[in-house]
Amino acid sequence: MRVRTRFRGVCSLLAVLLLAACRIESAAPASGGPVASAESVMGDVWVYTSMYQHVLDALAPLLAQRLPGVKVHWYQAGSEKVASRLEAERLAGAVRADVLLTSDPFLYERLAREGAFLRYASPNVLRVPRTLLDLDARYAAARVSTMVLVHREDSVPPPTSFAALARGPWSGRAAIGDPLTSGTAYTWVVFLRSRYGEGFFSALRARGALVAGGNAAVLQKVESGEVDVGVVLLENALAAKGRGSPLAVTWPEDGAVVIPGPVAIFQSTRNPVAARALVDLLLSPEGQRIIVERGDMHGVDPRLEGPRGEAGVEALLSRSQPWTPELLELGLSRGTTIKAAFSEAFAR
């Protein structure tokens with residue numbers, strides 16, 4: 001049944017891609033992938049995003065060059081704040097956003113199931129690994145963030161896996177994010193809950209792990225020496241190392257946790273032509289290169305290297321814990337229960 005369903009999904013994606021190709025003009029090879037004709041694209045587009053502001057600033061010249069008739073309005077905040085604003089607007093029946101660009105895969109799947117997204121497969125997704133796409137063309141990853149272990153170069157020998165934080169020979173102080181306030185921390189919690197069971201968090205607490213809030217707070221505790229190791233986004237660690245911070249990254253032996261950052265267009269968009277063109281641009285080689293080089297994140301185009309000399313997205317996926325339908329369902333249907341169990345474990 002799963003094979004048949006997946007086959008139907010692939011056929012659906014290919015069909016949408018064929019239709020998209022009929023509407024999209026192909027750019028010259030030197031200028032990257034296919035994008036909508038600039039002359040036919042005009043008007044305003046609102047994007048709700050958790051993308052870092054400095055990445056948005058770096059995208060501005062490319063947008064001005066390739067889509068000169070489009071005025072892009074950004075609402076930029078953390079994924080949880082974006083989700084809260086979006087939920088309030090949906091309840092009021094007045095969603096302002098045309099495009100959603102955050103790093104909460106569970107939110108996208110929920111909205112997709114509710115019929116909130118316009119089906120669109122950019123021609124640029126043809127090279128994207130299938131595990132980073134919705135096969136019904138309701139959303140596609142535009143970037144990939146990764147949860148890894150970080151420690152100070154002069155600290156005690158670090159753990160070699162996430163599992164070692166709760167058991168094993170490693171003994172030290174660890175900081176993790178709070179899944180109640182951080183979307184990326186919640187994704188990590190879902191992965192570890194799926195792999196090691198609910199008791200994993202009680203074991204973490206018993207070993208003295210601290211809940212520090214978001215990724216920035218975890219990183220600060222590691223840098224200051226308050227803790228010996230932290231679970232944090234690779235992009236935050238790489239940016240800190242670029243500033244001269246004495247950090248080292250450990251790729252966990254039980255697999256890093258990848259967090260796709262999808263892009264989707266709302267059914268309610270007032271400017272679907274410009275919204276599609278913006279999605280094309282974000283997924284183009286030029287847009288992807290900016291995301292990698294300025295955001296320290298992995299792009300979804302396998303032709304690109306990873307940030308700061310890291311391997312590209314295909315190598316990343318091979319050293320990471322895989323996304324599965326069961327995992328997605330767990331995060332969607334058991335979110336309240338998982339968060340409550342986590343809170344109880346760390347309240348003791």
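The values are calculated or read from the model by the stated rules, or taken from the named source; none is laboratory data. Please read these numbers as outputs of a predicted model, since none were measured by experiment. Neighbour counts run over all protein chains shown; Cβ positions are idealised from the backbone, glycine included. These area figures cover heavy atoms from the full protein model, side chains too; ligands, DNA and RNA do not enter into them. Shrake-Rupley method; radii C 1.70, N 1.55, O 1.52, S 1.80 Å.
Using the Cβ-Cβ distance between residue 243 and residue 286 with R0 = 25 Å, the FRET efficiency computed as 1/(1 + (r/R0)^6) comes to roughly 0.45. Hull volume per residue, based on the alpha-carbon atoms of region 169-328 and their convex hull, is 147 Å³. The C-alpha atoms of the chain define a longest principal axis, and helix 53-66 lies at about 20 degrees to it. Among beta bridges from DSSP that stay inside the chain, the antiparallel ones total about 60%. Sites listed here are trypsin sites (Lys or Arg not before Pro) in region 283-336 whose DSSP assignment is loop and whose Cβ has at most 12 other Cβ atoms within 10 Å: 303. Using only alpha-carbon positions in region 185-234, the gyration tensor eigenvalues give semi-axes of 20, 13, 7 Å once each is multiplied by 5 and square-rooted (largest first). Surface composition of the chain: carbon and sulfur make up 54 percent of the accessible area, probe 1.4 Å.
Close amide-amide hydrogen proximity is noted between residue 75 and 47, 48, 49, each under 5 Å apart and 5 or more residues distant or on a separate chain (H modeled in the peptide plane; Pro and chain starts excluded). Rounded to the nearest 10 degrees, the angle from helix 79-92 to the longest Cα principal axis of the chain is 50 degrees.
In the set (1) 1.00; (2) 1.26; (3) 1.07, the label that goes with Cα Rg over 2.2 N^0.38 Å computed for this structure is (1). For the pair region 143-201 and region 68-87, the centres of their Cα atoms are 29 angstrom apart. Computed 3J(HN,Hα) for region 307-316, one whole-Hz value per residue from the Karplus formula 6.51 cos²θ - 1.76 cosθ + 1.60 where θ = phi - 60°, is x, 6, x, 5, 5, x, 5, 5, 5, 4, glycine and proline marked x. Accessible surface area normalised per residue over region 206-275 is 33 Å², counting heavy atoms of protein chains with a 1.4 Å rolling probe. Would you mind checking the tilt of helix 335-347 against the longest principal axis of the Cα atoms of the chain, expressed as 0 to 90 degrees and rounded to 10? The two axes meet at around 30 degrees.
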